[in-house]
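Here is the structure we will look at, set down as structure tokens.
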């Protein structure tokens, strides 16, 4: 087990310090894999991640790398690199950061975090989170001139229809021989099923952790949890994820048992919809001065790592990858949110109108309207971007947030 | 005379379609190049392509953020204002995330209006996607049959295919006249001819196109102008003031690969064999639009159009917030540059802002004319 750093002011869970270590291990592992001549694939959110770990292909996530760049305030310069080359400022900022690297300094420039991005042997992406993702990958393919595979899927209303499931699985059956052929790996179902078990175990622990946040007071807020989510994105099927999440879950469980919250005097419970502003995670903790806590995020609950019934592993595998927030119709989002607001005892919801994630942002007005009408829960909209800080206006956003909290306080008293 | 007819249709397309509704025809609003209009036509309805409007958006802003793009917002605005109530229904295909969301919003906020989503894959490769594409088309056919209460008859569909194919061939002939040197058809008339086809019945449109081609055959081409031939590329061009502006700057559109142009009509349906399967195959194999993968057939189409028209430069007219086209643009710009073909990008929100566009176009035309591009 890796030793964690001592607790500093501001972290509710000591185990959260382990997140940075896990992230570093992941990126160092990617570089080592590349250096050893083993296959590396660049993948995007909601690809069938377990398959890569089972096949010994290192799945490298440029999206996470863009988030990392944003969190250390490097995203703007990289976005500008892409914009200078003709990529519109209106395009997804994750992609602009990535294209700024790929087309600018190059993926292995020493100035980049973790020594850069390992060069890919293949590109695998999916339309599940959004359609533009595929277009971004086409630009990357144009540059590297390497094979690319795209997993298609249409949006779902739960329960998932058999035709949608078969569409997904049909493509997985095409992807596997493609990976075998292009990257010289061999698929073994036993190994894959073991990987699914590891993935599901990690998801189970993660969801237990999230459920602990229904407790009043909540044991941990969004700022920490957004920092903790990464292994759920990129390392499902890797035992290290289980280890890390177990530490988090156990510590949060103990806090709940002891009635200890992240705030000494929790008064307002908030939810967050959309990808966070990675360059400004402080936004989440700033509200804590007003005894408010963000204790629910659609991004952390429904975008990554659903459960699987491994009695029917292939069906479960397909369903898990299709059953994600970004692939939900608006009606499905409404149903899900109405349930969760009650479950997490939320007083208000903050909708991030994220210019870079249209799929997440469209339909939010409907959600706000429905939760107000059905539950009397108020919402706040803030306009910004997940990685490009130029889209964030500090002063007006603060004023809006202050006013929102005052209104919620007024409702409580 | 026929030129005036084509032009007049475009002054008020919705008003035109309202008249049909009053006359008892059923008009089906269509959004996207992957709606098999032949099915709708064979079911004795008139497909009307929804292209939004240049009016400002107010009501739709309640439901869609600005960055959803003008087309989706504008069409929702038209619906919320009650301007589409005369339509029997709406058919969308998932041409962008915004249009896909538009389907959800339609169901939620435009109660009572029949709406269908053709949920075809974005990836037009592979056996699985082909199967799913076909299935989505068949599901739409069944939904349409349920709506009209009568099965899609093979004979009726064959007749529709013949009408649509003739329309495509006539438009290709018009494109050839546009590209001729000197041009035998003006760019303005060509654009009117193409866009009016989204409004008129295909039978009437064919009649007008035949008249137009005949009049072009009789007329002596205008050899007076020395306009620089340019290729226009992009998802949608409905701003009819753009081509006169181009001409004032000393250039003309000699060819195009617009989503509302040749990419809509270029490919024909095979008239032999099972007509339903033939229609589906046509849409699977057609020149893909920017939101479909792979991009290669579209690139080859663009190149062949440029070669045919001998265009000396390319203007990309790209809708603001149209991610798919915005990702393609720098790639294509660089590929064209490698071939010595200059290009210019213009942002549009269904309209192109006048003076700023004029300055940029004028500069571009001067560069192309002067051969200063390297």
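Observations
- FRET efficiency, residue A:398 to residue B:219 (Cβ-Cβ, R0 60 Å, nearest 0.05): 0.35
- Computed FRET value (nearest 0.05) for residue B:44 with residue B:270, which takes r as the C-beta separation and R₀ as 22 Å: 0.45
- Förster radius 56 Å - calculated FRET efficiency between residue A:80 and residue B:240 (Cβ-Cβ, nearest 0.05): 0.95
- Average Cα contact separation per residue, region A:14-185, under 8 Å, 6 or more apart, as relative contact order %: 21
- Put simply, the Cα atoms of the protein assembly as shown extend 91, 55, 54 Å along their principal axes, the longest span coming first.
- Normalised by 2.2 N^0.38 Å, with N the number of residues, the alpha-carbon radius of gyration of region A:14-185 equals 1.06.
- Structural descriptor for chain B: relative contact order 18 percent, calculated from alpha carbon pairs under 8 angstrom and at least 6 residues apart.
- Angle of helix A:75-84 to the longest C-alpha principal axis of chain A, folded into 0 to 90 degrees and rounded to 10: 50°.
- Residues A:181, B:141 arranged by fewest to most Cβ contacts within 10 Å: A:181, B:141
- Kirkwood Rh and Cα Rg combined as Rg over Rh, evaluated for region B:1-92: 0.99
- Residue-span extension gain [residue A:108 to residue A:194] - 0.36 nm each, minus C-alpha spacing: 27.6 nm
- For region B:272-323: rounded, prolate or oblate by the Cα gyration tensor [a/c cutoff 1.5]: oblate
- Rh (Kirkwood; distinct C-alpha pairs) - region A:190-242, Å: 11.9
- Zone of residue B:285's modelled label, taken as backbone nitrogen in region B:250-269 under 20 Å from a point 7 Å along Cα→Cβ: B:262-269
- Computed over Cα pairs, the Kirkwood radius of chain A leads via Stokes-Einstein (1.306 mPa s, 10 °C) to a diffusion coefficient of 73 µm² per second.
- Cα gyration tensor, region B:13-154 - rounded (a/c under 1.5), prolate or oblate: oblate
- Stretchable slack from residue A:345 to residue A:89, in nm (0.36 nm times residue separation minus alpha-carbon distance): 88.4 nm
- The coefficient of translational diffusion for region B:260-364, derived via Stokes-Einstein from the alpha carbon Kirkwood radius under 4 °C and 1.567 mPa s, stands at 83 µm²/s.
- Rounded, prolate or oblate (a/c below 1.5 giving rounded, otherwise prolate when a/b exceeds b/c) for region B:135-248 by Cα gyration tensor: prolate
- Principal semi-axes of the equivalent ellipsoid, √(5λ) from the alpha carbon gyration tensor of chain B, are 32, 23, 21 Å from largest down.
- The spread of Cα positions in region A:194-338, taken along each principal axis and listed from longest to shortest, comes to 47, 34, 28 Å.
- Each stretch of four or more DSSP H residues adds -39500 (n - 2.57); spread over every residue of chain A, this sum gives -16000 deg cm²/dmol at 222 nm.
- Protection proxy ranking for A:326-337, B:158-169, using the average of other Cβ atoms within 10 Å per residue and placing the highest first: A:326-337, B:158-169.
- Rough spin-label spacing in nm, given labels placed 7 Å along Cα→Cβ, for residue B:356 and residue A:161: 4.2
- Candidates B:218, B:131, B:360: whichever shows maximal mean-square fluctuation once chain B is modelled as a Gaussian network with Cα springs under 10 Å: B:218
- Degrees between helix B:154-179 axis and first principal axis of chain B (Cα, 0 to 90, nearest 10): 10
- Modelled this way, with points 7 Å down the Cα-to-C-beta line, the labels at residue A:374 and residue A:72 are 4.3 nm from one another.
- Rg to Rh quotient for region A:322-409, alpha carbon positions, Kirkwood Rh: 0.98
- Principal-axis analysis of the Cα atoms of chain A puts helix A:394-412 at an angle of about 50° to the longest axis.
- Note on residue B:172 and residue B:211: the model spin-label points, each 7 Å out from Cα along the C-beta direction, lie 2.5 nm apart.
Readers should treat all values here as calculations from the given coordinates under stated rules, not as data from a laboratory. Note that the coordinates shown come from a computational prediction; the quantities given were computed from them, not determined experimentally. FYI the Cβ positions are ideal-geometry reconstructions off the backbone, even for glycines, and counts take in every protein chain you see.
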